[in-house]
1. What's the number of the condition residue 163 fails, among (1) among the basic types (Lys, Arg); (2) surrounded by 19 or more Cβ atoms within 10 Å (Cβ to Cβ); (3) in contact (Cβ under 8 Å) with a residue 60 or more places away in the chain?
2. Going residue by residue through segment 190-198, is there one that turns out to be over 16 Å from the mean Cα position of the chain (by Cα), within 14 Å of the ligand (Cβ to nearest atom) and of a type in the set (A, V, I, L, M)?
3. Sort out which residues of segment 233-249 are within 18 Å of residue 295 (Cα to Cα) and either among the β-branched types (Val, Ile, Thr) or not in a strand (DSSP E or B) (or both), and write them in order of number.
4. For segment 89-103, state whether one or more residues are among the acidic types (Asp, Glu) and within 13 Å of the ligand (Cβ to nearest atom).
5. Residue by residue through segment 69-111, note down the ones that are among the hydroxyl-bearing types (Ser, Thr, Tyr) and either in contact with a Lys or Arg (Cβ under 8 Å, 6 or more places away or on another chain) or farther than 23 Å from residue 47 by Cα (or both).
6. In segment 134-169, what residues are small (Gly, Ala, Ser) and farther than 17 Å from residue 99 by Cβ?
7. Give the residue that is farthest from the ligand (Cβ to nearest atom), with candidates limited to residues of segment 261-307 that are closer than 23 Å to residue 75 by Cβ and of a type in the set (S, T, N, Q).
Amino acid sequence: MGHPATAWDQNSVLEVVKDWNGIDQVVLRVPRGASARVSLHGGQVVSWKNERGEELLFTSSKAIFKPSRAMRGGIPICFPQFGNCGSLEQHGFARNKMWSIDSDPPPLKNDDDKGKVSVDLLLKPSEDDLKCWPHCYEFRLRVSLTTNGVLSMISRVRNINGKPFSFSFAYHTYLSVSDISEVRIEGLETLDYLDNLCQRKRFTEQGDAVTFESEVDRIYLGSPNVIAVLDHEKKRTFLIKKKGLPDVVVWNPWEKKSKSIPDLGDEEYKQMLCVDGAVVERPITLKPGEEWTGRLDLTAIPSTHFI
Ligand code: BG6
């Protein structure tokens, strides 16, 4: 995919390549072989591979790589609106915008640079954007890959407006799984959730773990900061650690809904599961000059490590 444009680092751990639309993608590589790829379109992570070169994120075989929309897969950023509850387009506009590389980001507290390769991206509203969402903000996204292949994303949203504004947010993470029927999520048991399939009615999770046998589209509220997605067949567990992101969205469209999604293959729901660190129930409100930070760390661990 694409060709190298710039190498920024002597060890070639960070390079910028072009995708087939000519849009820049930043490739992060660590010496043991793990890699990640971030598109400037949407600030979307489009690939995350472990040290064996196995892809850990799902991308639809029918994904549309057009500059005007987010491709189906990877990790689109939902901002400043999650879902369709609001006046903006579904999941907000950030995933459909061109971001830029921020070569001089303000320092980030509690983020140690050692043993990782990172890129900083920036999104600011254009004149046109201000017409649909009249708030001045700076959205900084740092995507890092550690030596051990942990993918870390830190979002900072700053209000540079004269008035307060509110937003919701999600790292809409498409995990690649072997077979959705064999997957379970631990860490959400006993939590309340809003069910998007029942007009966001509130229920309480009753199972020992979340498992899948039909369409699921839920927002789990006030979740712990670590949850696990166990994939038996692949013998792999994803650990999802988060900060500043109280909610977790779980989505699998299952058979019928998949058929209505043009950029998703009819059977592909079996190989994907969205588990998003998010802020949905109580949107963030920032006063002028205030900043919000939301962090997600994704680790893929062979399940044998737990025995
Ligand atoms: C999930 C939502 O996060 O994203 C679902 O909970 C939605 O309701 C899904 O269908 C996909 O959204 P989109 O806009 O990327 O097709």
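The values are calculated or read from the model by the stated rules, or taken from the named source; none is laboratory data. Since this is a predicted model, take the numbers as computed values, not measurements. So basically every Cβ, Gly included, is an ideal-geometry build from the backbone, and we count neighbours across all protein chains shown.
1. Condition not satisfied by residue 163: (2).
2. Step one: list which residues in segment 190-198 are over 16 Å from the mean Cα position of the chain (by Cα), which gives 190-198.
Subset that is within 14 Å of the ligand (Cβ to nearest atom): 193-198.
Among the residues that remain, those that are also of a type in the set (A, V, I, L, M) are: 194, 197.
Scanning segment 190-198 turns up at least one residue that is over 16 Å from the mean Cα position of the chain (by Cα), within 14 Å of the ligand (Cβ to nearest atom) and of a type in the set (A, V, I, L, M).
3. 240, 244, 245, 246, 248, 249
4. Keep residues of segment 89-103 that are among the acidic types (Asp, Glu), which gives 89, 102.
Now narrow it down to the ones that are within 13 Å of the ligand (Cβ to nearest atom): 89.
For segment 89-103, residues among the acidic types (Asp, Glu) and within 13 Å of the ligand (Cβ to nearest atom): present.
5. Within segment 69-111, the first condition is being among the hydroxyl-bearing types (Ser, Thr, Tyr), and the residues that meet it are 87, 100, 103.
Residue satisfying the conditions is 87 alone.
6. Start the filter on segment 134-169 by keeping residues that are small (Gly, Ala, Ser), which leaves 144, 149, 152, 155, 162, 166, 168.
Matches in segment 134-169: 149, 152, 162, 166, 168.
7. 303
Per-residue answers, yes or no, for (1) modelled with pLDDT under 95; (2) under 16 Å from residue 148 (Cα atoms); (3) within 20 Å of the chain's Cα centre (by Cα):
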residue: 20; (1), (2), (3): yes, no, no
residue: 35; (1), (2), (3): no, yes, yes
residue: 39; (1), (2), (3): no, no, yes
residue: 46; (1), (2), (3): no, no, yes
residue: 60; (1), (2), (3): no, no, yes
